[in-house]
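Asks: I'd like to ask some things about the structure below.
The values are calculated or read from the model by the stated rules, or taken from the named source; none is laboratory data. What you see is a predicted model; the values in this text were computed from it and never measured. Neighbour counts are summed over all protein chains in view; Cβ atoms, including those assigned to glycine, are modelled from backbone coordinates with ideal geometry.
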Amino acid sequence: MLNAILILLDVVAAGLLILFVLLHAGRGGGLSDMFGGQMGGSMAGSTVVERNLDRITIITAIVFTFSTVLLALRV
């Protein structure tokens, strides 16, 4: 039962991590530039949004790392 919960947590964290990394503003030549990465409007250049996205990405990466390590240790 615990393995199923850890696997579900790992898969959800992996999907969210992919999403959050792709949401970051491109620094040139990346995937976000390919799909029109310049976010226009009021959110362009907002440092608060970028900072919060950075924090959420780091927390998601930590959850993914710990769930992967716990899965590896339980096998």
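Asks: Only one of (1) within 18 Å of the chain's Cα centre (by Cα); (2) at pLDDT below 65; (3) not in a helix (DSSP H, G or I) is not met by Ser32, so which one is it?
Replies: Among (1) within 18 Å of the chain's Cα centre (by Cα); (2) at pLDDT below 65; (3) not in a helix (DSSP H, G or I), Ser32 violates only (3).
Asks: Look through Asp10, Asp54 and report the one residue that is among the acidic types (Asp, Glu) and modelled with pLDDT of 95 or more.
Replies: Asp10
Asks: Please name all residue pairs, on different chains or six or more residues apart, with Cβ atoms under 7 Å, provided the first residue is in the stretch 59-75 and is small (Gly, Ala, Ser) and the second residue is surrounded by 13 or more Cβ atoms within 10 Å (Cβ to Cβ).
Replies: Going by the 7 Å Cβ cut-off, the qualifying pairs are Ala61/Leu17; Ser67/Leu6; Ser67/Leu9; Ser67/Asp10; Ser67/Ala13.
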